[in-house]
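These notes concern the structure reproduced below.
The values are calculated or read from the model by the stated rules, or taken from the named source; none is laboratory data. Here the structure is a predicted model, which means the values were calculated and not measured. Here the Cβ positions follow ideal geometry from the backbone for every residue, glycine too, while neighbour counts run over all protein chains shown.
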Amino acid sequence: MKFNFIDEVPFPREQVWQVNRDRLPALVPYMPTVNAIEVLERAVEGELVKLVNRWTGASDDIPGLVKPFVKSEYMTWLDYATWDQDRWRIDWRLELNILPGAISASGFTEYQEEGDDTLIHMNGEFRIHPERIPGLPAMLAGRVVPALERFVVGAVEPNLRKTNECVARYLEEEGF
């Protein structure tokens, strides 16, 4: 399922870009649904910066009945991102630890100046590949997968917007 939205951060593009690219782990205290962000790899190739970050989500959001079945490693994912400052664009993809290979998430994000503010255009696709889920009957997959994709995409947008709010709070508190 595809998604796209535009969000606004009331700070200049250069600052918003740099915080998201270079100071992401410092945002964790501002993110109630994230326990940690660890930079695993960083490669600079001219104007491109390639990053691999490991995110660890908080288990607080998991409903109590489901919590016993959710292993801590399911709450982590890898974020592969190529930051192109010439184009003010990030191409990204995620690898989730839950159902490896059965879920794909990828897209791009563009940063645009809007006066003293920054418009962030998020575009992506989240897909569940039912044929890669062991034991899932095809008949059930046809009904469950679209509903599950809609549910996840419905949760992704507010979380991405919250991340942008965290960037703004960080910039405010750090006196930028």
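Structure values in brief
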{"item": "Of all residues making up region 106-123, the number that are touching a helix residue (DSSP H, G or I) at 6+ places or on another chain (Cβ under 8 Å) and surrounded by 18 or more Cβ atoms within 10 Å (Cβ to Cβ)", "result": "4"}
{"item": "Conditions (1) part of a loop (DSSP other than H, G, I, E, B); (2) under 28 Å from Glu45 (Cα atoms): number failed by Glu125", "result": "(1)"}
{"item": "Selection count, region 66-101, where residues are part of a loop (DSSP other than H, G, I, E, B), at negative phi and at pLDDT 80 or above", "result": "3"}
{"item": "Single unsatisfied condition, Met122 versus (1) over 22 Å from Val9 (Cβ atoms); (2) touching a Ser or Thr at 6+ places or on another chain (Cβ under 6 Å)", "result": "(1)"}
{"item": "Region 158-176 residues that are farther than 15 Å from Glu14 by Cβ and at pLDDT 90 or above, paired with ones that are among the polar types (S, T, N, Q) and surrounded by 17 or more Cβ atoms within 10 Å (Cβ to Cβ) (beta carbon under 7 Å, 6 or more apart)", "result": "none"}
{"item": "Residues of region 1-42 satisfying the condition of being polar (S, T, N, Q) and at pLDDT below 95", "result": "Asn4, Thr33, Asn35"}
{"item": "Residue list for region 141-176, filter: loosely packed, with under 12 Cβ neighbours inside 10 Å and outside any helix (DSSP H, G or I)", "result": "Glu174, Gly175"}
{"item": "Scope region 1-26; condition touching a residue at least 40 places away in the same chain (Cβ under 8 Å) and of a type in the set (A, V, I, L, M); matching residues", "result": "Met1, Ile6, Val9, Val16, Val19, Ala26"}
{"item": "Subset of region 43-61 (residues that are part of a strand (DSSP E or B) and loosely packed, with under 13 Cβ neighbours inside 10 Å)", "result": "Ala43, Val44, Glu45"}
{"item": "Pairs with Cβ under 6 Å, 6+ apart, first in region 127-150 and in contact (Cβ under 8 Å) with a residue 40 or more places away in the chain, second β-branched (Val, Ile, Thr)", "result": "Glu149/Ile128"}
{"item": "Region 9-59, residues that are of a type in the set (D, E, K, R) and more than 26 Å from Glu113 (Cβ to Cβ)", "result": "Glu38, Glu41, Arg54"}
